[in-house]
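A short worksheet on the structure shown next.
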Amino acid sequence: LPPRQTVLVEAFNAITAHHSSENSAMLLCVVALGYLSVPFGGEDAIVATSLTTLGAATAIDSTTCRKAAIATLANLFVASERNQMIEYILPTIKALAALNELDSALLVLSTIYNMSFYDTPRISLVEGSVVVVLGSLLATINLEVNPPQQQQHGDGAESPLANSNAAETEFTIEFDGHAAFHMLAECILNLSCSIDGRERMIKDGASSLLVN
């Protein structure tokens, strides 16, 4: 790491070590580490100095902090010590996927996508039931692409609740569901490159995901 970034990373680690129970302090440090994690060649140094901090952030009782930590770890997965990250990433992506929220689902999907390109972690991911996680993501994304029809009153008019929800959706960001499906299929393709994991993938429903 360049000297300035080294000083910053050391400062963040010191802050989180003394304020690990303070969600706001942890979040600020993790977000800053996220900015530093944008690929530039210093990923190995950040992992060597800050993996414990990021691991602690994945266990904190704050969904926002967990999301920031996972996004940072996904960026850092190009580091040579990527296998050390699996123990922090797997439990966290499972917890985020269980929220059944679109933004969490897309974050988890992109994280799995990043990880699926590397040979060594694939077996750990498959044995860690990542295919089951992909199934949960597919269900969440499907709800967004094909939402349930709005309930109507007996006279055919939409309920006030439906109208209020429709007004709120005017401010949401649209996403490309087909692109998400493509990314999910590519995750399964990449994971299947490890022959030893294919049987477990089929057992966990990979073939069903592809046809659904």
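Derivation of every value follows stated rules applied to the coordinates shown; laboratory data play no part. This one's a predicted model, so the numbers in the text were calculated from it and none came from an experiment. Neighbour counts run over all protein chains shown; Cβ positions are idealised from the backbone, glycine included.
Worth a mention:
- Per-peptide packing, taken as the mean over residues of other Cβ atoms within 10 Å, places 123-136, 76-89 in the sequence 123-136, 76-89 from highest down.
- Inter-label distance for Ala185 and Asp44, nm, one decimal - labels placed 7 Å from Cα along Cα-to-Cβ: 3.8 nm
- Segment Thr63..Asn23, full-extension length gain: 13.4 nm, with 0.36 nm per residue of separation and the alpha-carbon distance subtracted.
- Here the spin labels are modelled as points 7 Å beyond Cα on the Cα-Cβ line, and at Asn142 and Glu81 they lie 4.1 nm apart.
- Where labels lie 7 Å past Cα in the beta-carbon direction, separation of Asp196 and Leu99 in nm: 3.4 nm
- Here the 3J(HN,Hα) profile of region 53-66, calculated from phi with Karplus coefficients 6.51, -1.76 and 1.60 at θ = phi - 60°, is 5, 5, x, 5, 5, 6, 9, 6, 7, 7, 4, 4, 5, 5 Hz, Gly and Pro shown as x.
- A cut-off under 12 angstrom between Cβ atoms defines the neighbours of Asp103, and their net charge, with Lys, Arg +1 and Asp, Glu -1, is -1.
- Gained length - Ser208 relative to His178, 0.36 nm times residue gap less alpha-carbon distance: 9.1 nm
- Three-way shape label, region 25-66, alpha-carbon gyration tensor, a/c 1.5: prolate
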